[in-house]
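Engineer: The structure under discussion is supplied below as structure tokens; questions concerning it will follow.
Please treat every number below as a calculation from the coordinates, not as lab data. As the structure is a prediction and not an experimental result, all values here were calculated from the model. When we count neighbours, we look across all protein chains shown, and the Cβ atoms used for this are built from the backbone with ideal geometry, even at glycine.
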Amino acid sequence: MSNLSNSPNLTSAELETIAAWVMLAETLGIPRSYAQIYGLCFISPRPVTAVDCVEKLKMSRSSVGQGLKVLRELGAIRSQFALGSRSESFAIEPDLGVLLQSVLGGKIVPAFQQFFEKMETVAGNQSNDLEGIPIARVEKLRRWRKKLSRLEKLISR
């Protein structure tokens, strides 16, 4: 967050809030710039424009544009109409569950499903030679696949 620490446009509480979103994003493998943009949208009492992000976050216009695009595709932010403004504005999706559902359902769950299918194929092909993959590990993967299936049902509600 060092590039923001000298920003006269952000209060210490705003900086700390953005830093918290960055810390969470880094843990999840989400780019820092996306978290900074989301954090700014989160703390802003009014919808945020790309220019706001560039000025307050000291980011390049292209990074802001890419970040806004990805965040909108994820469902983390949405376009907000502002009467009299020619600039597109963005506000956070107030339901954090929508964001979690989008990330888990759109990327994580399908990736794990594909992984489990591949492992089933590998285990099936090695049924006569299961010394390569211990049976207990294959069974554990099957149990995790069932758990993931329950999680998928839970997030799709």
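Engineer: For a footprinting-style exposure proxy, rank Trp144, Trp21 by other Cβ within 10 Å, fewest first.
Structural biologist: Trp144, Trp21
Engineer: Write down the Kirkwood hydrodynamic radius of the chain, to one decimal in angstroms, obtained as one divided by the mean of 1/r over all alpha carbon pairs.
Structural biologist: This gives a value of 18.1 Å.
Engineer: OK, next. Along the Cα→Cβ direction, 7 angstrom out, place labels at Trp144 and Leu96. What is the inter-label distance in nm?
Structural biologist: 2.6
Engineer: Still on this structure, I have one more. If the viscosity is 0.692 mPa s and the temperature 37 °C, what Stokes-Einstein diffusion coefficient in µm²/s follows for the stretch 12-92 when Rh is the Kirkwood radius over Cα pairs?
Structural biologist: Value of D from the Cα-based Kirkwood radius: 262 µm²/s.
Engineer: Which lysines have a Cα lying under 28 Å from the Cα of Lys153, excluding residues fewer than 8 positions away in the same chain?
Structural biologist: The qualifying lysines are Lys69, Lys107, Lys118, Lys140.
Engineer: Then there is this: Order these by the 10 Å Cβ neighbour count, fewest first: Ser149, Ser60.
Structural biologist: So the residues, fewest neighbours to most, are Ser60, Ser149.
Engineer: In addition: Amide H of Phe90 versus every other amide H placed in the peptide plane: which residues, excluding those fewer than 5 positions away on the same chain, fall under 5 Å?
Structural biologist: Under 5 Å from the amide H of Phe90: Val48, Thr49, Gln80.
Engineer: List the trypsin sites (Lys or Arg not before Pro) within the stretch 30-85 that fall in a DSSP loop (any state other than H, G, I, E or B) and whose Cβ has at most 16 other Cβ atoms within 10 Å.
Structural biologist: Details: sites: Arg32, Lys56, Lys58, Arg61, Lys69, Arg72, Arg78; in loops: Lys58.
Within the stretch 30-85, the qualifying trypsin sites (Lys or Arg not before Pro) (loop, at most 16 other Cβ atoms within 10 Å) are Lys58.
Engineer: Kindly state, to the nearest 0.05, the FRET efficiency for Met119 paired with Ala20, given R0 = 35 Å and r defined as their beta-carbon distance.
Structural biologist: 0.45
Engineer: Hey, what angle do you get for helix 12-28 against the long axis of the chain, alpha-carbon based, 0 to 90 degrees rounded to 10?
Structural biologist: Once rounded, the angle reads 20 degrees.
Engineer: At 222 nm, what value in deg cm²/dmol follows for the chain if DSSP H runs of at least 4 each add -39500 (n - 2.57) and the sum is divided by all its residues, to the nearest 500?
Structural biologist: -20000 deg cm²/dmol
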